[in-house]
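Structure, as structure tokens:
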Amino acid sequence: MTLSVEERFENSWSLADDIFHDRLRKEAAAEKPITLRNPFLFYEGHLPSFVFTRAVKALNVESFNPDYDYMFQRGIDPDVDDPTKCHDHPETPAQWPERSRVVEYRNRVREVLRDSDRMHQLDSMGMADMSIEHDLMHIETLLYMVLQLDKRFKRWSRGEVDTAKSLLRGILRDDLPDHVRIPKGTAKLGRSPETKKQQWGWDNEFGELEVQVNSFEASTLPVTVGEYVEFMRAGGYQRESLWQEADWKWRMRESISHPKCLVPTNESTEEWEYLTIHCTMSMEEARDLPIFVSLGEARAYAAWKGKRLPTEAEWHRMAFARPGDAEETSYPWGNEKPVPGVHGNFGFKYWIAVGVGRFPSGKSAFGILDLFGNGWELTDTPFEPFPGFEVDPDYPGYSSDFFEGKHYVLKGGSWATETQLIRKTFRNWYQRNYPYVFSKFRLVSS
């Protein structure tokens, strides 16, 4: 069922309110659990500011609070290796406004946008999709912050974990091959600009690139918590030879000894618990869930196994290619629109990662599972433009600020990725040593 633009705006606002009002305590507003990001309060103002500043320009709407429009217009993504370096953004204020004032600003923006004519005007310009998808991406990254937040500031409960308890066990690996061979062929990356009329997209999705991919083997399932803990117990975080030089320097500088989704219960005995946005889980409960790590950590694990991570083109082949010379499909399972809980764990179906391999209806033609949902899939391809790329004038820095060789492409989506973002050409990207993403990985070999 296709939702109206009004319904899509309301749904995104409802998801945001669920986080700011239902999952966080009011004292959380000033907290900054990830030091490379702004406090929660900023994002409560940023979501309305993003759409409103565009509405002011496009619809000739009068601004009622220019200071807030400017203050909240853009977030930060500083260099992990040198946080003093960052893309262009408004200067951080010496003191953030009272939260009640920010909520009032948000409510005023929504009042203005709830005018049906204005919404439809934004929709006709593509700005509705841009604003809604922008909010949906921030809703997910807010949950990365919630995960790292001290439990004193969030509503701590096992309710949603228990709801998904029957899905925590993964598919038995005895029931499917550990890996499959993907034949050589062409990966057709990107999109023609003409397709934007049928489906809106971000600027980095456009431009087209054909890559000839050699035959390779790919694991049918992503790496699990239980498998990754074996690497940790084998001294994987202490063996410099497994790590690429820049990744090892980051590990040493930041004293990284485990993924951010695990919390040590007793470091001397190497015992951990798995962290969710709701509560912690025992290793026994979490063993079949996908491990969430940075690219640097995933590379080290892959080296330990004598394998590597896929490139963006290889990931594309394992997801969308078909045996022989058959035409690529829109999704791993074919051309049917994605359904949360059927084709994968996305669209906030469960609000938690579940056991790997639980959605066989989402497998690819080659039998690879979990390509969409349950966690973004790390690739070892730097984030770069496709030939023919053009900056979107409505958000010129969205992609181009990050074509600097430090950000890498992620594909697929997580449990916290709304279904609207589940599409073939969507590209996410993060710095290789940013460890807070709901990002899983699988292994390949030539």
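Quick one: in the range 364-373, which of the residues that are without any contact (Cβ under 8 Å) to a residue 60 or more places away in the chain and more than 21 Å from Glu227 (Cα to Cα) is surrounded by the most Cβ atoms within 10 Å (Cβ to Cβ)? Even if it seems obvious, please write down each step before you answer.
Taking the range 364-373 and keeping what is without any contact (Cβ under 8 Å) to a residue 60 or more places away in the chain, we get 364-365, 371-373.
If we keep only those that are more than 21 Å from Glu227 (Cα to Cα) too, we end up with 364-365.
On the way: Ser364: 25, Ala365: 18.
Among those that are without any contact (Cβ under 8 Å) to a residue 60 or more places away in the chain and more than 21 Å from Glu227 (Cα to Cα), it is Ser364.
Looking at the range 147-155, can you tell me whether even one residue there is loosely packed, with under 14 Cβ neighbours inside 10 Å and in a helix (DSSP H, G or I)?
Yes: the range 147-155 contains one or more residues that are loosely packed, with under 14 Cβ neighbours inside 10 Å and in a helix (DSSP H, G or I).
Going residue by residue through the range 114-130, is there one that turns out to be within 14 Å of Arg54 (Cα to Cα), in contact with a Leu (Cβ under 7 Å, 6 or more places away or on another chain) and of a type in the set (Gly, Ala, Ser)?
yes
Considering only residues that are among the aromatic types (Phe, Trp, Tyr) and in a loop (DSSP other than H, G, I, E, B), look in the range 357-388 and name the one that is nearest to Ser439 (Cα to Cα).
Filtering first and then ranking leaves Phe372.
Please give the number of the condition Lys260 fails out of (1) of a type in the set (D, E, K, R); (2) in contact with a helix residue (DSSP H, G or I) (Cβ under 7 Å, 6 or more places away or on another chain); (3) surrounded by 21 or more Cβ atoms within 10 Å (Cβ to Cβ).
(3)
Across the range 176-203, which residue is modelled with the highest pLDDT among those that are over 17 Å from Ala319 (Cα atoms) and either touching a Gly at 6+ places or on another chain (Cβ under 6 Å) or in a helix (DSSP H, G or I) (or both)?
Asp203
When you look at Val354, is it over 16 Å from Phe426 (Cα atoms), surrounded by fewer than 22 Cβ atoms within 10 Å (Cβ to Cβ) and either touching an Asp or Glu at 6+ places or on another chain (Cβ under 6 Å) or among the aliphatic types (A, V, I, L, M) (or both), yes or no? Steps first, please.
Working: over 16 Å from Phe426 (Cα atoms): yes; surrounded by fewer than 22 Cβ atoms within 10 Å (Cβ to Cβ): no; either touching an Asp or Glu at 6+ places or on another chain (Cβ under 6 Å) or among the aliphatic types (A, V, I, L, M) (or both): yes.
No: the conditions fail for Val354.
Can you say whether Ala319 is assigned to a loop (DSSP other than H, G, I, E, B) and under 19 Å from the mean Cα position of the chain (by Cα), as far as the supplied structure shows?
When the stated conditions are applied, Ala319 does not pass them.
Filter the range 365-391 for residues that are more than 21 Å from the chain's Cα centre (by Cα) and not β-branched (Val, Ile, Thr); which is nearest to Met125 (Cα to Cα)?
Among those that are more than 21 Å from the chain's Cα centre (by Cα) and not β-branched (Val, Ile, Thr), it is Glu390.
Look through Ala326, Ala302, Ala319 and report the one residue that is of a type outside the set (Asp, Glu) and touching a strand residue (DSSP E or B) at 6+ places or on another chain (Cβ under 6 Å).
Ala302
Kindly state which helices (runs of 4 or more DSSP H) lie completely within the range 1-76 and contain at least 2 residues that are assigned by TED's automatic domain parsing to the domain that holds Val103, of a type outside the set (Asp, Glu) and under 30 Å from Glu254 (Cα atoms). I'd like the intermediate steps shown before the answer.
Working: elements: 5-17, 40-59, 66-71.
Output list reads 40-59.
All but one of (1) more than 30 Å from Gly405 (Cα to Cα); (2) in contact (Cβ under 8 Å) with a residue 40 or more places away in the chain; (3) small (Gly, Ala, Ser) hold for Ser14; which doesn't?
Unmet for Ser14, out of (1) more than 30 Å from Gly405 (Cα to Cα); (2) in contact (Cβ under 8 Å) with a residue 40 or more places away in the chain; (3) small (Gly, Ala, Ser): (2).
If you go through the range 397-405 one residue at a time, do you hit one that is surrounded by fewer than 23 Cβ atoms within 10 Å (Cβ to Cβ), outside any loop (DSSP other than H, G, I, E, B) and among the aromatic types (Phe, Trp, Tyr)? Steps first, answer last, please.
Here is the first cut: in the range 397-405, the residues surrounded by fewer than 23 Cβ atoms within 10 Å (Cβ to Cβ) are 397-405.
Now narrow it down to the ones that are outside any loop (DSSP other than H, G, I, E, B): 397-400.
If we keep only those that are among the aromatic types (Phe, Trp, Tyr) as well, we get 398.
Yes; the residues of the range 397-405 include at least one that is surrounded by fewer than 23 Cβ atoms within 10 Å (Cβ to Cβ), outside any loop (DSSP other than H, G, I, E, B) and among the aromatic types (Phe, Trp, Tyr).
Hey, any hits in the range 286-302 for a residue that's within 30 Å of Glu240 (Cβ to Cβ) and among the basic types (Lys, Arg)?
Checked the range 286-302: at least one residue is within 30 Å of Glu240 (Cβ to Cβ) and among the basic types (Lys, Arg).
The values are calculated or read from the model by the stated rules, or taken from the named source; none is laboratory data. Small disclaimer: the values here were computed from a predicted structure and weren't measured. Positions of Cβ are generated from backbone atoms using ideal geometry, with glycine treated the same way; all protein chains shown enter the neighbour counts.
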